[in-house]
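Below: the structure, in structure tokens.
Nothing in this text is a laboratory measurement; each read-out follows from the coordinates by a stated rule. All of these numbers come straight from a predicted model, not from anything done at the bench. Ideal geometry is used to build each Cβ from the backbone, glycine not excepted, and the neighbour counts take in all protein chains shown.
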Amino acid sequence: MKFSKYHGLGNSYIVVDGRQVAAHLTWEAFARQICHTGYGIGSDGLLVDCSVDGFAVRIFNPDGSEAEKSGNGLRIFARWLWDTGRVTDLPFGVGTAGGPVQCQVLAQNQLVRVQMGPVHIVAVFEAVSVQDQTLDCTVANVGNPHCVVFSQTVDKTTALTLGPLVEMHQRFPLRTNVQFVRVMDRNNVAIEIWERGAGYTLSSGSSSCAVVAACRERNLCDDTVTVHMPGGALEVAISPDLNATLTGKVARICTGWYRTGS
């Protein structure tokens, strides 16, 4: 099976043509296999091109679960469509399980912009208790679920320690993505990320959109915000009705052939 691997600020995805899968494998099993760092290629997720009449993608986490939407995944999918000659620099639509989005490849494929659609705020001030701590959270949905934790302590250790506890908290029966955010000023925030089904990641597009919408709802930021993550920075523009547009770099790592089985 031919594959391509890209990263968006250190958040990597493998892209494959959905018509290629071996008959004995499900996509869930294939994602667990190819994303494994020891027995596969290693990746934060798998993107399966399932386009028919228009562009569409399925997104799988390394544990085999399917994600509704991914900002970095969509930016990588758009770049892959550009690299394979299927799109130009004009905007185009992509269908996802979390709803349709608009994508555009800019700067001769160096930047990709995705109109992620509306961010739905479920709860602005949500108290989530873990490890004898009560966390100040905003619960949001960007087509996939997010819990934005406001804290002055934003580091990898916090994400690794509290992230899985929030992800699996009884408040979120379908699990959730988790972001720990520190507001730097009205145009800059710093975050650490624990992704549902993937764990600690260096960057996340949908997380960035959820964080900016959560900050906007609390009047902590303006309409354009740079989100600083360990893997780099993304720009998020948020409209008054909380429609989020995400812009950032995508880089190709490699392409190759992956043989399934032993």
Tail beyond 20 Å, pair distance distribution of the range 118-248 (Cα, percent): 33
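For the range 1-54, what does the alpha-carbon gyration tensor say about shape, rounded, prolate or oblate, given a ≥ b ≥ c as the root eigenvalues, a/c under 1.5 as rounded, and a/b over b/c as prolate?
Details: a/c = 2.33, a/b = 1.20, b/c = 1.95.
In terms of gyration-tensor shape, oblate.
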Rg [Å, one decimal], Dmax [Å, integer] - the range 35-112, C-alpha atoms: 12.9, 39
Residue-averaged [θ]222 nm for the chain, counting only DSSP H segments that reach four residues, each worth -39500 (n - 2.57): -5500 deg cm²/dmol
Any cysteine of the chain lacking a neighbouring Cys Cβ under 4.7 Å - listed by number: Cys35, Cys50, Cys103, Cys137, Cys147, Cys209, Cys254
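Considering only DSSP beta bridges whose two residues both sit in the chain, what percent are antiparallel, to the nearest 5? Spell out each step's value before the answer.
Working: 66 of 80 bridges.
Of the beta bridges lying entirely in the chain, close to 80 percent run antiparallel.
Could you tell me which of rounded, prolate or oblate describes the range 1-138, using a ≥ b ≥ c as the square roots of the eigenvalues of the alpha-carbon gyration tensor, with rounded for a/c under 1.5 and, failing that, prolate when a/b is larger than b/c and oblate otherwise?
Values: a/c = 1.94, a/b = 1.26, b/c = 1.54.
The shape class here is oblate.
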Helix axis angle, 156-167 relative to the chain longest principal axis, alpha carbon, degrees: 90
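Restricting things to alpha carbons, find the Rg to Rh ratio for the chain using the Kirkwood radius for Rh. Could the numbers behind the result be given before it?
Details: Rg = 17.5 Å, Rh = 18.3 Å.
That ratio is 0.96, to two decimals.
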Selected from Ile34, Ile59, Ile14 as most flexible by GNM, with the chain as the system and alpha-carbon contacts under 10 Å: Ile34
Inter-centroid distance (Cα atoms) of the range 110-174 relative to the range 183-235, Å: 11
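From the square roots a ≥ b ≥ c of the eigenvalues of the alpha-carbon gyration tensor of the range 84-191, which class results: rounded (a/c under 1.5), prolate (a/b over b/c), or oblate? Display every interim value, and only then the final one.
Numbers: a/c = 2.54, a/b = 1.88, b/c = 1.35.
Prolate is the answer for the range 84-191, as a/c is 1.5 or above and a/b outweighs b/c.
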